[in-house]
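Each remark here refers to the structure printed beneath this line.
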Amino acid sequence: MSAIIAYDNLADICALSSSSSLVPGFPLAALQTRQLSTVCRSTSSDAGHRTLTVVVTRAGGFDPTERYLVGFFGVRPGAAYVSEVSYTPDGGATWTAIPFSLAGFFFTYGRALAVLNPPIPPAGPWDALRITLKSVDTADAHIDAGRLWLSRFIDFPTGCDATWSLGLNDPGRLDMSAGQQAYESRRERARLLRMGFSAVPTPQAYACSDDGMTPLVDNMTYSGIYPCLYGLLESVGGTGELVAMPRVEGDVFVDRACIYGHLAQPFEIRHRAGQYYETELVVVEER
């Protein structure tokens, strides 16, 4: 099963605009803030479902031949999903829908994500992208989103190692009295995702040909390096943000095993044999 790791969030270097009815004090700029508690709030409605529509414009546009992970984190108060992603080739005069997948209802952790699947042959250019977030329920008075995500990603078609694991970081404390009575001091918990990759080909490891002579270039990343483990290591280090999914098939797995956060520590890319490399990384959730 496929696994993906996304980094270099382009949303932060793009211009955002919206036709939605935004609540004062909850602006679009919140979507470019890493802290998910800082939210953009919309009261717009489509047949009773609350919506937030964001137009993302990047100098030079977007590459219509590449795939992107797009969506929102910190979605509240209820479940929501990406209902539409469109592009404009003419500065907003016309909009055309882009096919996408991974758009299930992710209830537990407040996210709504989609993987864009550009048509072949490519249609474009993509001057800007329009992304709509839509609530599942009709009872919500508004819809909040704490982080807009739009990036390229490393695609591992064969997935990560079968030994991937999901754990929990609990900074809380449990004190016991002399009479062995428990007193809990609860703090916010965070999930830990451990992913190993034991047979990564050279292009996915270092974004170059197997002989190391030809680089793979991508103008949709900050470094100009096609998404790869080396690019991830350089960009994210031990403090930058990323999105990791050990599986992209099945809404339940995407909900429970997809992590938005940072690396517990920078990882190493080890040469295994021939044209293959291996690594292991641990992602700490941010909520």
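Side notes on the structure shown:
- Among the residues of the stretch 142-151, just one is assigned to a loop (DSSP other than H, G, I, E, B) and either surrounded by 24 or more Cβ atoms within 10 Å (Cβ to Cβ) or touching a Leu at 6+ places or on another chain (Cβ under 7 Å) (or both), namely Gly146.
- Per this entry, Ala59 is counted among residues that are within 18 Å of Ser151 (Cα to Cα) and without any contact (Cβ under 8 Å) to a residue 12 or more places away in the chain.
- Within the set Val23, Val54, Val85, the sole residue that is surrounded by fewer than 17 Cβ atoms within 10 Å (Cβ to Cβ) and in contact (Cβ under 8 Å) with a residue 24 or more places away in the chain turns out to be Val23.
- Across the stretch 171-201, the number of residues qualifying as closer than 15 Å to Ile154 by Cβ, at pLDDT below 95 and in contact with an Asp or Glu (Cβ under 6 Å, 6 or more places away or on another chain) comes to 0.
- Of all the criteria given as (1) closer than 20 Å to Leu116 by Cα; (2) part of a strand (DSSP E or B); (3) touching a Leu at 6+ places or on another chain (Cβ under 9 Å), the one not satisfied by Ala11 is (2).
- Residue match in the stretch 150-165 (condition: in contact with a strand residue (DSSP E or B) (Cβ under 6 Å, 6 or more places away or on another chain), touching a residue at least 40 places away in the same chain (Cβ under 8 Å), closer than 30 Å to Val85 by Cα and among the aliphatic types (A, V, I, L, M)): yes
- Screening the stretch 1-28 for residues that are of a type in the set (Gly, Ala, Ser) and farther than 23 Å from Val236 by Cβ and picking the one that is nearest to the chain's Cα centre (by Cα) gives Ala15.
- Qualifying residue in the stretch 30-52 (condition: under 17 Å from the mean Cα position of the chain (by Cα), modelled with pLDDT under 95 and either more than 24 Å from Met245 (Cα to Cα) or acidic (Asp, Glu) (or both)): no
- Per the listing Val243, Val248, the residue uniquely part of a strand (DSSP E or B), β-branched (Val, Ile, Thr) and either crowded, with 20+ Cβ neighbours inside 10 Å or at pLDDT below 95 (or both) is Val243.
- Whenever a residue of the stretch 180-192 is among the acidic types (Asp, Glu), its partners that are at pLDDT 90 or above and assigned to a strand (DSSP E or B), lying with C-beta atoms within less than 6 angstrom and at least six residues away or across chains, give the pairs Glu184/Leu174.
- Within the stretch 64-75, restricting attention to residues that are in contact with an Asp or Glu (Cβ under 8 Å, 6 or more places away or on another chain) and surrounded by fewer than 19 Cβ atoms within 10 Å (Cβ to Cβ), the residue that is modelled with the lowest pLDDT is Glu66.
- With respect to the conditions (1) under 21 Å from Arg34 (Cα atoms); (2) surrounded by 18 or more Cβ atoms within 10 Å (Cβ to Cβ), Tyr226 falls short on a single one, namely (1).
- Qualifying residue in the stretch 104-111 (condition: in contact with a Gly (Cβ under 6 Å, 6 or more places away or on another chain) and modelled with pLDDT under 95): yes
The values are calculated or read from the model by the stated rules, or taken from the named source; none is laboratory data. On a predicted model such as this, the values are computed, not experimentally measured, just so you know. Positions of Cβ are backbone-derived with ideal geometry, glycine not excepted, and every protein chain shown enters the neighbour counts.
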